[in-house]
Amino acid sequence: MPGQIKIDDGSGNYTVLTNGGSLGSDKTITIPNETATLATTTATDLGGLVKLAEAENISAATDITFDSFVNNTLYNSYQIIWNNLTSGNDNVNMRIYFRNSSSDITGTYRKSYWRAAMDTTTSGFVANSNDTNFHTVPIGFGTGTYENHRGLMTLYSNVGEFSNSDVIHANYTMYGRNQTPDLFFAEVGTTLETSTALEGIKFQFASGTISADSIYVYGVRK
C-alpha cells in the first residue's frame, strides 16, 4: 500500500521517509506501551491484544498448560485460540482446567451449550450440566484423519476490577470432527464459583496424549 512515514522532532517539524531504506538501523518507532525496531520488530504489545503465551507443534504431550499469565491490572479478559488439537486415544473428550499457580482449581464446573452437526441431524441444546474439578468439552475426539478441533475462547477472571462474585467464567466457539466422524460447530459456556484466583489454564484429555499445531494466549488490554 502506498504511503509515507513521517518522523516528528517534537517541535512539529517532520522528516518524510520516501522508502524503507531511509530509516537507519538505529531508529525506532514508538507504538503505545512498546518500542520496536521497524521491519525487524519482535513487538507483542501493539495496543489491543497482547500475546502472553504460546505453544506450537506440540506432539503427544500429557497436557498443555499455561500458568501465571493472568494480570488483572493490565487486562480485562483473555483470548485463547487453539488450532488442530488432536487426541492420542480414540473416543475421548478434552478437559479444561482453571489453574492457580501450579495447581488445578477444583469445584463444580457448570456448563451449557448448543451444538449443530454439519453432516448429520444430531443437533441440540444442553443446559444445567456440570463436571467435577474440570470442564468437559462437549464434542468428542477421535484418531482418524482430520478428527481435530479448532476454537476461540474468551476467559474472564474472578478477581480484580471486572470480577463477578468470585466466578471464573469462559465461553468459546469451536469447530471439530468427532470420532464418528461427524462435523460439529458448538458454542459453549462454563463457570466455576471459587474464591481461588484464576492464574492459568490447562488442556488435557480424559486419557491418552494431546497434540496441537498451536495454542495462543492473548490478554485484552483495558
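Here, each number is a calculation from the coordinates, and none is a lab measurement. Everything numeric in this text was worked out from a predicted model, so none of it was measured. Virtual Cβ from ideal backbone geometry, glycine too; neighbours counted across all protein chains shown.
Rounded if a/c is under 1.5, else prolate if a/b beats b/c, else oblate: with a ≥ b ≥ c from the C-alpha gyration tensor eigenvalues square-rooted, which is the stretch 49-221?
The shape class here is prolate.
Let me know the whole percent of all Cα-Cα pairs from the stretch 166-222 that are separated by more than 18 Å.
57 percent
By counting other Cβ atoms within 10 Å of each Cβ, how are Lys111, Lys51 ranked from fewest to most?
Lys51, Lys111
Using a 10 Å cut-off around each Cβ, can you sort Trp82, Trp114 from fewest to most neighbouring Cβ atoms?
By the 10 Å Cβ count, ascending: Trp114, Trp82.
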